[in-house]
Amino acid sequence: MNFSQTYVLAVDISRCMACFSCAMACAAFHSKGKSVTSAIDEGVKPAVIVFGDQRGALPIQCQHCEEAPCMMICPTGAISKEKNIIKINKANCIGCRLCYVICPFGAVKIVEGRAYKCDLCDGAPECVNACPTKALTYREEAEIAKDHRYKFFSEVIETYLKKRGVSYV
Amino acid sequence: MSEKTIDPAVEEMLALAAEMKIETFWDRYQAQLPQCEFGLRGICCRNCLHGPCRIDPFKEGAQKGVCGATADTIVARNFVRTCAGGAAAHIDHARHVLEVIEKIAHGHAAGYNVTDKQKLENLAQRLGIQTKGKSEIEVLKELAKEVAKEFQRQEGYSKYLQLYTTKKRFEKLAGLNVLPPNLDLTITESLHRTTMGVDADPVNLILGAVKVALADGAALHISTDLQDILFGTPKPLFSKANLGVLREDSVNIAVHGHVPLLSAKVAEQAEKLEKEASSAGARGINVVGICCTGHEVLERYGVPLAQNFLGSEMAVATGALDAIIVDVQCIAPSLITVADCFHTKLITTFPIAKIPGAEHIEFTTENADEATNKMIKIAIEAFKKRDKTKVHIPKYEQKILAGFSVEAIVGALSKVDPSDPLKPLLDNIVKGNILGAALFAGCNNVKLPQDKLHVTMAKGLLEKNVLILSTGCAGYALAKAGLMSPEATFKYAGEGLKAVLTAVGKAAGLNGPLPPVLNIGSCVDNSRAVVIVNALADKLGVDAEALPVVACAPEALTEKAIAIGTWAVSLGIPVHIGIVPPIIGSNLVTEIATSKAKDIFGGYFIVEPDPAKAVDKLIAVIDERRSKLGLKTSKEI
């Protein structure tokens, strides 16, 4: 479990094989019987949307925004932020679809007339466990930035050193 | 006990394997998780290059493949291909045995001869061959010619299927247009009808699966019959089961695979090379069995059973095997990795089954003696290099009484009533001493603890006086669990069953009861169970679908198991499986398999992974059938 503000669900698009394992695991986890079969029987849909075309695929889900447009626009206060997770209280949802329309990622679904989206499995996202290629990770945001910085740095420094004719083993 | 196995020998070996960092089926299964849900539900189609096409089970996305195939069509097509895969294995097996019969008849198979002359004559006569005044070779020639028609006939029906189904059933199957003219043809037809743009009707496709499964059944009958003729029809004999049968002081050779053409020769040549083994410092040569071919040599020569499928790696991991000689089917490619940790030689033999890193010695009908002789010599050489510090043989073995061919069972029963051998069996079914019969067949599956469903369910059914027959990996499971000894009858059989088994055992001069689990052989020997069922049905003037019999493949794994299960269903026998098959992506196909089939064939699939619930369901099926026959149910007895 991790509710830290600084944890984010990150996707490495180069590793996504469009296998839908994240979507299947999501639906299974949110069903009573904890299986895809029971999810289908209970009408539970995946909150992860594996979206894409011939160019590739990207699992899309709620980004749990700092200033969540869905939460701000919800007329009944059904959307709230608890422990840094944006949550929908189904009982208060009237199915107006404002959140669905305003989400910049298209990460909200309408299931049986009510808004439905990722709840981060209360801090231990099942989609991450299910991903067979580790395209999905749930990590400290600082760690992710550090990875990106290191990769960028390596490219720059290699080019620079090559030009100077220096090599390090 | 762990979640991996209930076999104490395998449990012990797994701990050792973990220490030695030997990768096992269970490790690789973990690495495969989560498995693709499209595949698990059967809603992925790769039959053309438009694909892979997948149907969204949540009904939010694609509901049709590019060609327009629905989930029902895709699931049904995949099911046909699964059955065809299984049937292909058995049909190829049957053809191989026939080839040897043919070559004996024409003098090209010096290493083989006819062992059961009576069975040859009986079969020839049943196939309409005049045997009077003809030499054995002449009869054999004609028999080979007649059986070869099963692979050649372009029109009409398989004669073999006609021979081995009740008249009523044959007419029903003919009416449904599911009787194949020849066995090979069904494979071609199955692949044709499921290729892009051919059969899209799920019901028609399922009937296609039945057709290829019936061809599978015919192949089982052919294999059993011809193998009995070649190597002898099994008679009851004592042997042992589990890894404790390996010997520290002997050259240990495992035969693994399915076709006795190889394993019987290995057993025979091993006896001839005993001297060479002793000069290498061994006490002798100890041949043991893994998977079905182990049954073939157990049932005929008393060769002990080492392990079933999930235990095959652990047999090698004992470090005590000098060679593992394999033919076809169920040979895990991982065996070479385990063998490489030791001195063990993995020897492949069939041109269609090679494993990188293994030693390949081509085995043919013509060179059977020389090739097997060479293989055993390799094992003896390997024995000299065996590292004794690496040997660990778990001390688990169970006494078993096996070898129950139909002839052996009828033979034992005829000691009770010589004029009408089946009468005591029927009388006891009517009285309720025997509530019904269950055939335990099929594999191990890593998704379930090894042997757990086989053993738990068999104990549950025996307690309720259900007589059990066993084949294949199921047979190994029950043998290793100690359910195949005469003593097991006292321990596990219900009162009624105990009395019957004791009476028959005594009459047959066995000095004790028959075991509560009668091992009828390998997977192809599932045919023996059908012969018994049909004989009982014929005697009562009913069809198999009326009899209180069920089949269980609780730990089903292979395509072959699915083909055999479908064959049994089409003959009117309910089939239990403990693994959810990849058909649940289609409600229509699932409904056909688990309920509509009952109306059409009398048989149907029962899917239940919980052993206790499965026993209850099977008892309910047996009771339902008993009450239809006007017999008392388990609750009334």
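Read-outs: derived from the displayed coordinates by stated rules, not from any lab. Here the structure is a predicted model, which is why all the values come from computation and not from measurement. Cβ sites come from the backbone with ideal geometry, for glycine too, and all protein chains shown count toward neighbours.
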Based only on other Cβ atoms within 10 Å, what is the fewest-to-most ordering of B:PHE350, A:PHE153? A:PHE153, B:PHE350
Among A:ILE110, A:ILE157, A:ILE85, which one shows the highest mean-square fluctuation when chain A is modelled as a Gaussian network with alpha-carbon springs under 10 Å? A:ILE157
How many percent of DSSP beta bridges within chain B run antiparallel, rounded to 5? 15
Using the Kirkwood formula on alpha carbons, the hydrodynamic radius of the stretch A:7-139 in angstrom works out to 15.1
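For peptide A:39-48, what's the mean number of Cβ atoms from other chains within 10 Å of each residue's Cβ? Display every interim value, and only then the final one.
Numbers: counts 3, 7, 0, 0, 2, 1, 3, 4, 0, 0.
Per residue, the average neighbour count from other chains is 2.
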Can you list the lysines whose alpha carbon sits under 24 Å from that of A:LYS87, skipping same-chain ones fewer than 8 residues off? A:LYS32, A:LYS34, A:LYS45, A:LYS109, A:LYS117
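Assuming a ≥ b ≥ c are the square roots of the Cα gyration tensor eigenvalues, decide whether chain B counts as rounded (a/c under 1.5), prolate (otherwise, with a/b larger than b/c) or oblate.
Note, shape of chain B comes out rounded.
With viscosity set to 0.890 mPa s at 25 °C, what whole-number translational diffusion coefficient in µm²/s follows for the stretch B:71-231 from Stokes-Einstein and a Kirkwood radius over Cα pairs? Don't skip to the answer; put the middle values down first.
On the way: Rh = 16.6 Å.
D = 148 µm²/s.
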Could you quote the convex hull projected area for the stretch B:406-628, Cα atoms only and averaged over all directions, in nm²? 11.1
Normalised contact order of the stretch B:406-628, rounded percent, pairs of Cα under 8 Å and 6 or more residues apart: 21
Given the C-alpha centroids of the stretch B:290-368 and the stretch B:207-262, what is the distance between them in whole angstrom? 14
Kyte-Doolittle at least 1.0, axis length at least 30 Å by Cα - qualifying DSSP helices, chain B: B:202-231
Among A:PRO69, A:PRO125, A:PRO59, the residue with the largest mean-square fluctuation in a Gaussian network model of chain A built from Cα contacts under 10 Å is A:PRO69
Take the protein assembly as shown, drop everything but the C-alpha atoms, weight them equally and run the Debye formula without solvent; then report log10 I(q)/I(0) at 0.05, 0.07 Å⁻¹ to two decimals. -0.32, -0.60
Can you tell me what share of the DSSP beta bridges in the protein assembly as shown is antiparallel? A percent to the nearest 5 is fine. 40
Taking the stretch B:1-156, the lysine pairs whose C-alpha atoms sit under 20 Å apart (8 or more places apart or on different chains) add up to 20
Rank A:ARG139, A:ARG15, A:ARG149 by mean-square fluctuation in a GNM of chain A with C-alpha springs under 10 angstrom and give only the top-ranked residue. A:ARG149
To make sure I understand the rule: partners must be lysines, Cα under 21 Å from the Cα of B:LYS168, and not fewer than 8 residues away in the same chain. Which ones qualify? B:LYS159, B:LYS211, B:LYS539, B:LYS596, B:LYS598, B:LYS628
Rounded to the nearest 500, the 222 nm mean residue ellipticity computed for the protein assembly as shown from DSSP H runs (n ≥ 4, each -39500 (n - 2.57)) alone is -13500 deg cm²/dmol
Taking each residue of B:32-38 in turn, how many C-beta atoms of other protein chains fall within 10 Å of its C-beta, and what is the average? 6
Whichever lysines have a C-alpha closer than 22 Å to that of B:LYS399, once near sequence neighbours (fewer than 8 apart) are set aside: B:LYS235, B:LYS240, B:LYS452, B:LYS459, B:LYS480, B:LYS491, B:LYS498, B:LYS506
Taking Cα pairs under 8 Å and at least six residues apart, what relative contact order does chain B come out at, in percent? 16
